[in-house]
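Each value in this text was obtained by applying a stated rule to the coordinates, not by laboratory testing. Everything numeric in this text was worked out from a predicted model, so none of it was measured. In this analysis, Cβ positions are derived from the backbone assuming ideal geometry, glycine residues included, and neighbour counts consider all displayed protein chains.
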Amino acid sequence: MGDPGTKELLTLAELEASSGVRTGRKHTLSIMVENKPGVLTRIAGLFARRGFNIDTLAVGPTDDPRLSRITLTLDGAMHPIDQVTKQLHKLINVIKIRDLEPADTVARELALFKVSADGGARGEVMQIVEIFRGKIIDVTKRSVIIEVTGTWEKIEAFERMVRPFGLVEMARTGEIAISRGRGET
Amino acid sequence: MRAVDAVMECLKAEGVDVVFGYPGGANLPTYDAFVDAGIRHVLVRHEAGGGHAAEGYAKASGRVGVVFATSGPGATNIVTPLTDAMMDSVPLVAFTGQVRTDLLGTDGFQEADTFGITMPIVKHSFMIQHPTEIPRAIHEAFHIARSGRPGPVLIDMPTDLTRAEIDYQPVGDLRLPGYQPTTEGNQKQIRLAAKALANSRRPVLYVGGGVINAGASAELTELAISDRLPVTCTLMGLGAFAAPHPQWLGMLGMHGTRAANYAMDEADLIVAIGARFDDRITGKLSEFAPRAKFVHIDVDPAEISKNVPAHIPIVGDARNILPRLTAEYRAAGADPERLKAWWERIEGWRTQHPLTYEDSSDTEIKPQYMVQALYEATGGDCILASDVGQHQMWSAQYFHFAKPRRWINSGGLGTMGFGLPAAMGAAVAMPDVPTCLITGDGSIQMNAQELATCTENGIPVKIFIMNNGYLGMVRQWQELFWDRRYSHVDMGSWPDFVKLADAYGATGMRLTEKKTLVEDMRKAIETPGPVVVDVRVTREENTYPMIAPGAAARDMVG
């Protein structure tokens, strides 16, 4: 039954006061799941139902064919990460969850950019690509397609650099990540 | 053997003695297997009734309830019971038929995406893709349903796969690498909790349905009486601590007692056991128990600090944790005298604000009195099921539950129509305990068809309809919060429940006289078979006391 006593508008401060513990930083969750039908739907459904927003999501096989790894990033300023991981753990097909420590993690994302680059702009674009150690993988008269790999921040920075030239299209994979080896280097 | 015969073997191996269900096209093979299986199948009159009956069976017995439904509409009809079971942590296994695999995804006749539709409302589900998967899926389903925090599990079986021949071998192991519920509480945390309890001057034990699910009522009582610790229960926890009892504060929450709610408000330490700080308990969250520190014991780690941050979390099974907490508490050597002032305060609230209502001076039956009369007529020695609404709250307030698994109701989801089928399931599970149902004239009509199931199967549920001709709880809210603008809450005067009972082959009675009510109720209870008693009560009576929505406990009204 709806609560008529509930205010229709809440201030931001009230919202913050009512929430759980928030870390305020980006979190990368590495989730090992059983390679079974419906697992991704369960996870996506859980996020939708509990009101968690996924920033990026990447799914792929692992060294063990019975398992898949889901790497997802979400904003710790928006969500109590603790609740997110506990709810994920309740899914029977979820085997292991790691909230990767940024300092202890190697993370990469791949992005494709179609940038308009004709005449004089082309040289400048190519320079930026070089600085970011990107690759030009297709060229037409009007535009180039660039492949960039790196952390989420690097991709963001690259996007900022090429946007002024005219960003026609962009596709990003979302970050994948694994923790660094311990004491092996 | 056929996969469906293996289904029957698996059910027997799980100790299933009775299932509830309804056949249809896609589960014809399963129903063929029932013919020779030697498992009792109760044919319900609607799949929703089957799902709630399985819930009632599970709640009354502690065993896993089982329901069968066909594909499409059969499956969508059990969506409500599955959600209900999820909210109230009821162990349930649901078998749904599905169209044959070559029709999947083609919008075939009676096809519905059961797996997809039910995903958010089950603890887990299996979509069978190969007939040989069926036996393992069934055993895993039962294990998941009954262990950890119990819940519903669904198995969707395409009809062609169930007809296939398989080489059935009993399953000896489960392969659930992602499912290892923590049952054993951390010793350090338990010691910490015991010390906090020993140092507290105003403690309250706040007990939920988890204690009943864990079968930990005796262990809870042991802890409570190891000192004079005050106990309150949620709607779902009623019966976990024997009422009446000197340490029993009554139910807490929206329609709980003032003693319980005020004690929560002033407590310095609240030990929550198998409870989840629902909004019907906390009221305004920011003003909930403002002076208290929280010990939170729960088998589901996701419940801890979900709504209220816990100072001392303990994840595990209450039955494992409570005896150890009691031992540590005894070892801590708390001074019982420290609780004296606290009990004086509680006694003050009890004397000043007992549960009360203005009784009629004539022959009119007040709804609260109706519950008291049933308590007197049964001596409290029965399973009491309820539906949802005012009658449910009055039942929770005025019927005293001395044992666990004697109070069967829909708490989290608040499902009208739950009562009759759930009472039926409870009666099937516990044939030696009389089963009564208090329902409303609104609720009963949401699954009244199950009267036929009761008469056909000789299930002797005694149904007491608290008939005020209104959707009482909605009417109460319209009166209190919507300026008495009554909108679609008047149920009129039909059907004639006595005639309805008669049509279904049950005994019907109508009671309007307060003076003879207890005696008349006794007669109804002594009448063999299902009995429908239409009790005419005061039309406009409100459920009090009440924490208004969004208000704090200390601002209770009524």
Would you mind ranking A:HIS27, B:HIS245 so that the residue whose beta carbon has the fewest other beta carbons within 10 Å leads the list? B:HIS245, A:HIS27
Partner shielding of A:86-94, as the mean number of partner chain Cβ atoms within 10 Å, equals 6
Can you pull the three principal axis extents for the Cα set of the stretch B:314-403, in Å, largest first? 56, 32, 24
Assign one of three labels to chain B, namely rounded, prolate or oblate, based on the Cα gyration tensor with a ≥ b ≥ c the square roots of its eigenvalues; rounded applies when a/c is under 1.5, prolate when it is not and a/b is larger than b/c, and oblate otherwise. oblate
Return the lysines within reach of B:LYS284: Cα separation strictly under 22 angstrom, same-chain partners fewer than 8 residues apart disregarded; answer none if there are no such residues. A:LYS7, B:LYS293, B:LYS306
If each DSSP helix of 4+ residues adds -39,500 (n - 2.57) and the sum is divided by the residues in chain B, what number results at 222 nm, nearest 500 deg cm²/dmol? -10500 deg cm²/dmol
Measure off 7 Å from each Cα along the Cα-to-Cβ vector at B:VAL557 and A:SER116, then give the distance between these two points in nanometres to one decimal. 6.4
Looks like the protein assembly as shown, by Cα gyration tensor root eigenvalues a ≥ b ≥ c and the a/c under 1.5 rounded cutoff (else prolate when a/b is bigger than b/c, oblate otherwise), is prolate
Given 37 °C and 0.692 mPa s, how large is the Stokes-Einstein diffusion coefficient of the stretch A:105-179 in µm²/s, with Rh as the Kirkwood radius over Cα pairs? 265
For labels at B:GLU526 and B:ASP173 in the simple 7 Å Cα→Cβ model, what's the distance in nm? 6.1
Is the C-alpha gyration tensor of the stretch B:397-454 telling us rounded, prolate or oblate? Criteria: a/c under 1.5 is rounded; beyond that, a/b larger than b/c is prolate, otherwise oblate. oblate
Sites B:ASP17 and B:GLU513 - FRET efficiency at Förster radius 51 Å, r taken between beta-carbons, to 0.05: 0.75
Charge tally in the Cβ shell below 11 Å around B:ALA69, where Lys, Arg are +1 and Asp, Glu are -1, B:ALA69 excluded: -2
Per the 1/(1 + (r/R0)^6) rule, R0 = 51 Å and r from the Cβ atoms of B:VAL433 and A:GLU156, FRET efficiency to 0.05 is 0.20
When A:ILE95, B:ILE321, B:ILE365 are arranged by how many other beta-carbons sit within 10 Å of their Cβ, fewest first, they go A:ILE95, B:ILE365, B:ILE321
Rounded to the nearest 5, the percent of DSSP beta bridges in the stretch B:367-536 running antiparallel is 5
Take the Cβ-Cβ distance between A:ARG163 and B:GLU479 as r, set R0 to 56 Å, and report the resulting FRET efficiency rounded to the nearest 0.05. 0.40
Per residue of B:478-487, count partner chain C-beta atoms within 10 Å of its C-beta, then hand back the mean as an integer. 1
If we count other beta carbons within 10 Å of each Cβ, what is the order of A:ILE145, B:ILE438, A:ILE92, fewest first? A:ILE145, A:ILE92, B:ILE438
Under a point spin-label approximation (7 Å from Cα along Cα-to-Cβ), what is the B:ASP490-B:PHE109 distance to one decimal in nm? 4.6
List the trypsin sites (Lys or Arg not before Pro) within the stretch A:91-178 that DSSP assigns to loop and that have no more than 14 neighbouring Cβ atoms inside 10 Å. A:ARG133, A:LYS141, A:ARG142
May I ask you to compute the full-extension gain from B:ARG330 to B:GLU184, defined as 0.36 nm times their residue separation minus their alpha-carbon distance, rounded to one decimal in nm? 50.6 nm
Sites matching GluC sites (Glu not before Pro) across the stretch B:345-419 that sit in DSSP coil, with at most 13 neighbouring C-beta atoms within 10 Å: B:GLU358
